[in-house]
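Chemist: The structure follows.
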Protein chains: 2
Amino acid sequence: MVTVTQQLGNRLRELRQGRGWSLDQAAEATQVSKAMLGQIERGESSPTLATLWKIATGFRVSFTWLVSGLSFNPGLLEKGERLQHLSTTQDLELVVRFPFDPAVGFEWVELTLAPGAQSMSDAHEPGVTEHLLVIQGVLELQLDGQWHRYETGDTVRFDANQPHGYRNPGPDLLVFEDVIHYRGV
Amino acid sequence: MVTVTQQLGNRLRELRQGRGWSLDQAAEATQVSKAMLGQIERGESSPTLATLWKIATGFRVSFTWLVSGLSFNPGLLEKGERLQHLSTTQDLELVVRFPFDPAVGFEWVELTLAPGAQSMSDAHEPGVTEHLLVIQGVLELQLDGQWHRYETGDTVRFDANQPHGYRNPGPDLLVFEDVIHYRGV
DNA sequence: TGACAACGTGCGTTAAAACGCACAAATGGC
DNA sequence: GCCATTTGTGCGTTTTAACGCACGTTGTCA
């Protein structure tokens, strides 16, 4: 598990050593104490926006360049390590397979609906696209006020910027995967 | 004088209100307390990298998008407001006309050398370019081990990724402007 | 118009970023 | 081999980010 602060630390250390600067020199150039710079390089501190800006300025590097490329990198996932049961009612279960990660721009959830269960959703913001894959049972999806039927193995993609809903007509359990992509990149 | 934190605050408030979210909703989505979100929006707080990341994640927006476009904006400069005398020896003076700003990628300094004074500089990092304009006196510039002569009104641009030096052959005072551009954008 | 809920801000507390200083290891002459 | 300097880390203090709670305001519906 490599955290964002560690990534930034590595990047900063490479930048500094690539120029042959000592922590003292970097501290003078950036007006950030060398103790703090050392902690940031070691990933022991989560710098504020102000200090990030001072670092970028001191190194004559654009702020965007300094922080670009940072990504939430969970590394290899242990089996089921990050499963999160967000909401559990009697007839609906939502499991987060992969939580949202700004680096990839989507989240992956799995929904399980008991026979007869129904889940309605209001319109999301523009630019949100859902990708569904039915794993088990039968899914009925409402779009434009009309219900569409999908069976095991079927896939469907739709713009979530509209009211929509899922239901399980039964008689079996319904399980489907949902990869939700958000626009902001 | 619009600070970086204020810019971020405005951006965040637009993002939140554009979605019709309350501070409570945003706090639940981002796992950042609404008091903190309020302070950030008002530009009263300089959030850490970790909270910036949580905000981007909660809003389903890439981190880069959230912080891109931030720029150091000093607004209209009062006459001589930001003059900084960085080093003052007997025969050399350096005045910072415009400190480095990541938004534009350069800094503007003015150097004054007494007659006979000389200043040698090691190679900078690759991608650094200096632009000189002689205001007063005669400048001699060393490049590739060879001295070149420039008089009042002359201009010269060179790659600073090499040892170079300035000297004033006299007999008058030498004054020249130096716009130093750095690559990282 | 009064009651109620929702919204944003202020306040006191806690956790942690940031600083200055000093120490230990590494480096480099002479 | 020894001394002087430099480089990075650890420590105690100060500053401030971040939190939970409560208050004043605003708008809405009965």
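Chemist: I'd like the interface area for chains A and B: accessible area of each alone minus the complex, both sides summed, 1.4 Å probe, protein heavy atoms only. What is it in Å² to the nearest 100? Please report the intermediate quantities before stating the final value.
Modeler: Numbers: alone 10800 and 10810 Å², together 18810 Å².
It comes to approximately 2800 Å² buried between A and B.
Chemist: Name the shape class, rounded, prolate or oblate, that the alpha-carbon gyration tensor gives for the range A:4-67, where a ≥ b ≥ c are the square roots of its eigenvalues, rounded holds for a/c under 1.5, and otherwise prolate holds if a/b is larger than b/c and oblate otherwise. Working shown, then result.
Modeler: Values: a/c = 1.21, a/b = 1.10, b/c = 1.10.
Cα axes put the range A:4-67 in the rounded bin.
Chemist: Going through the range B:131-185, which GluC sites (Glu not before Pro) have at most 15 other Cβ atoms within 10 Å and a DSSP loop state?
Modeler: Numbers: sites: B:140, B:151, B:177; in loops: B:151.
Within the range B:131-185, the qualifying GluC sites (Glu not before Pro) (loop, at most 15 other Cβ atoms within 10 Å) are B:151.
Chemist: Partner chain Cβ atoms within 10 Å, averaged over the residues of A:36-48 - can you pull that number for me?
Modeler: Working: counts 0, 0, 0, 0, 1, 0, 0, 0, 0, 3, 7, 4, 9.
Going residue by residue through A:36-48 and averaging, the value is 2.
Chemist: Under the Karplus relation 6.51 cos²θ - 1.76 cosθ + 1.60, θ = phi - 60°, what is the ordered set of whole-Hz ³J(HN,Hα) values for the range A:149-164, x standing for Gly and Pro?
Modeler: Computed from phi, the couplings for the range A:149-164 are 10, 10, 10, 3, x, 6, 10, 7, 10, 8, 7, 7, 7, 5, x, 8 Hz.
Chemist: Along the charge dipole of the range B:4-67, Cβ charges K/R +1 and D/E -1, which of B:63, B:43, B:27 sits furthest on the positive end?
Modeler: Most positive-ward Cα: B:63.
The values are calculated or read from the model by the stated rules, or taken from the named source; none is laboratory data. All figures in this text were calculated on a predicted structure; none of them were measured in a lab. All Cβ positions, even for glycine, are placed from backbone atoms using ideal geometry, and neighbour counts span all protein chains on display. Accessible surface areas use protein heavy atoms only, side chains included; no ligands, DNA or RNA. Shrake-Rupley method; radii C 1.70, N 1.55, O 1.52, S 1.80 Å.
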